[in-house]
Amino acid sequence: MFDLPDENHLYQALLARDANFDGRAYVGVTSTGVFCRLTCPARKPKRENCRFYQSIADCIAAGYRPCKRCHPLAPAAEGDPMIGKLLGALQADPARRWSEADVSGAGFDPSTVRRVFKRQYGVTFLEMARQARLRTGAAVLPSGGRVIDAQLEAGYESPAAFRAAFGRLLGMPPGQFASKDALLRADWIDTKMGVMIAVSDARALHLLEFAERRALPGELKRLHDHAKGRLGFGRFAPTDQIEAELQAFFDGRSAQFDTALAPLGTPFTREVWRALRDIPAGETRSYSEIARAMGRPEATRAVARANGANPIAIVIPCHRVLGADGSLTGYGGGLWRKQALIELERGFAAQREKAG
């Protein structure tokens, strides 16, 4: 695990409400006896009243109680009531067409909503709503449903509008997924952190991504070209296997992934991805540490690029890579997921320590 930066650095992060330290550092306020996230919206305490800790357990052990404003015991995104209300509305009616006027009607400033969702999830709320509506319609396609049925289910006004939206998400119109002799098959997996798309052949998993990841269309296009157009809907055995392993992972039962992997990449990127898999669950590394472990200390930037190009989320654990100062840095699945994954995996580290 990383050591925290010095306390002056962390105090400046507290004043700036720097989201890069969500889940990585907490502040205990001696004058109130509470501990908070560094992004807490409450009035900022004086520097002399602040004590900084790396974990929630450290805060509790020091005698602090959790703040009722920023809810440090919950994932970061859940600590914002605005996010909770909007996500609840989206879950209740995923086919609804949201606009900025609807956001305003719910009592929120659209620019604030846009900024907060972008910071936590990597997409705006309106983009998330469009993707939810698209997934609602696309869910009928893996079971052989007609495109027109998917279009109607998604609430789009015309088949052309649905095809265009689907093309923006997946990089191609749905008609190109109709091959009956598909070499690769794509399907949806529901997880506690959102819908993921898995692509596998009869032998191995080629892709596993959260559905709203911006790189997904390009990744699917590369797989489509690699399979010479033989990319269809449905499942092979590796998708069933990874779904079961993800369930065990999110339930806190196992961090072991045995599904065979076949990600597309250069020899160097595959070497980086193998190095990522060597990081035990519950531990983290910096890009430079990975480069040194590979015997390529001069390749830090190349390691960072390979990390960002990872097409198999969670199993190839790019979420275990942090900034040199211990901050979360970027993550294609959203910083809130990176924080939640790191916190989940602390439980696996504790299990290892208990087992001796």
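No lab work stands behind these numbers, since they all come straight from the coordinates. Keep in mind it's a predicted model, so treat the numbers as computed, not measured. Every residue, glycine among them, receives a Cβ derived from its backbone with ideal geometry; neighbour counts consider all protein chains shown.
Tabulated values for the structure
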{"quantity": "Highest average packing first - 223-232, 202-211, Cβ atoms within 10 Å", "calculated": "202-211, 223-232"}
{"quantity": "5 angstrom amide H check on LEU207, placed H, neighbours 5+ away", "calculated": "VAL199"}
{"quantity": "Members of LYS44/LYS118; LYS85/LYS118; LYS118/LYS338; LYS44/LYS68 lying beyond 18 Å, as alpha-carbon distances in this model show", "calculated": "LYS44/LYS118"}
{"quantity": "Residues with amide H under 5 Å from that of THR191, placed H, sequence gap 5 or more", "calculated": "MET196"}
{"quantity": "Separation of alpha-carbon centers, region 304-342 and region 12-29, rounded to whole Å", "calculated": "19"}
{"quantity": "J(HN,Hα) series, region 323-339, from Karplus relation 6.51 cos²θ - 1.76 cosθ + 1.60, nearest Hz, glycine and proline x", "calculated": "x, 4, 8, x, 6, 5, 6, x, 7, x, x, x, 4, 4, 5, 4, 4"}
{"quantity": "Part-to-part distance (alpha-carbon centres) for region 238-298 and region 191-216, which is given in Å", "calculated": "15"}
